[in-house]
Amino acid sequence: MKSNEDDKDNDRNLAIQREILSGRKFSLAEAIGREGGSFLKGESPVPKLAQAIAELQMFINQNLSDSSGALQAVLYVWVKTDSRVSQHLNSPLIALNQMLSSLVDNQNLLHEFVRQVDHKWGQIYDERPYFQQPGQLPHPQDEYTHESVRLKLIELLDIVRTQS
């Protein structure tokens with residue numbers, strides 16, 4: 001009995017739709033709008049990749065102490081451009097774990113990362129940065145040395161590992 005009533009309601013709704021549309025001229029935009037009306041139903045209009053990047057940036061902001069902000073800024077850029085984030089959209093901390101591990105374990109990559117952080121520091125403060133060369137002692141006033149950045153990344157990596 002209930003399905004009979006549902007069928008009658010559906011027939012009435014279709015008849016009303018036909019009557020409304022009968023007086024209109026066909027328009028591609030309207031047809032797309034009608035068909036796509038439920039396209040995003042239940043989904044966020046923000047792409048998954050953008051959500052994952054935002055989640056990682058918020059995590060970095062909350063868990064990485066960086067008074068000057070240059071380290072966080074460069075890490076944000078690396079997160080945005082690293083393909084591992086798109087491979088772990090449902091669990092972006094796995095991507096961050098992999099990124100940080102590769103930075104900590106690969107000295108050449110770490111040195112390049114620190115060079116970018118120094119460069120960003122120079123841009124932020126409009127001063128000449130202290131670029132530490134591999135195997136060279138850091139300048140006494142250098143906030144971002146190879147070892148200090150490595151230790152901060154290890155600290156963040158430990159937090160990531162406890163969260164994931």
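The values are calculated or read from the model by the stated rules, or taken from the named source; none is laboratory data. For clarity, every value in this text was computed on a predicted model and none was experimentally measured. Glycine gets a Cβ as well: all are built from the backbone with ideal geometry, and neighbour counts include every protein chain shown.
Taking the conditions (1) modelled with pLDDT of 95 or more; (2) of a type outside the set (Lys, Arg); (3) closer than 23 Å to Asn61 by Cβ in turn, Asn108 satisfies each one other than (3).
The C-beta contact set for the range 83-104 (first residue free of Cβ contacts under 8 Å to residues at least 24 places away in the same chain and assigned by TED's automatic domain parsing to the domain that holds Ile159, second residue part of a loop (DSSP other than H, G, I, E, B) and among the charged types (D, E, K, R), distance under 9 angstrom, 6+ apart or interchain) comprises Gln98/Asp82; Met99/Asp82. Residues in the range 47-72 that are in contact (Cβ under 8 Å) with a residue 12 or more places away in the chain, under 19 Å from Ile159 (Cα atoms) and either of a type in the set (A, V, I, L, M, F, W, C) or assigned to a helix (DSSP H, G or I) (or both): Ala52, Ile53, Glu55, Leu56, Gln57, Phe59, Ile60, Asn63, Leu64, Leu71, Gln72. Annotation note: of Val117, Val160, the sole residue that is surrounded by 14 or more Cβ atoms within 10 Å (Cβ to Cβ), in contact with a Phe, Trp or Tyr (Cβ under 6 Å, 6 or more places away or on another chain), in a helix (DSSP H, G or I) and hydrophobic (A, V, I, L, M, F, W, C) is Val117.
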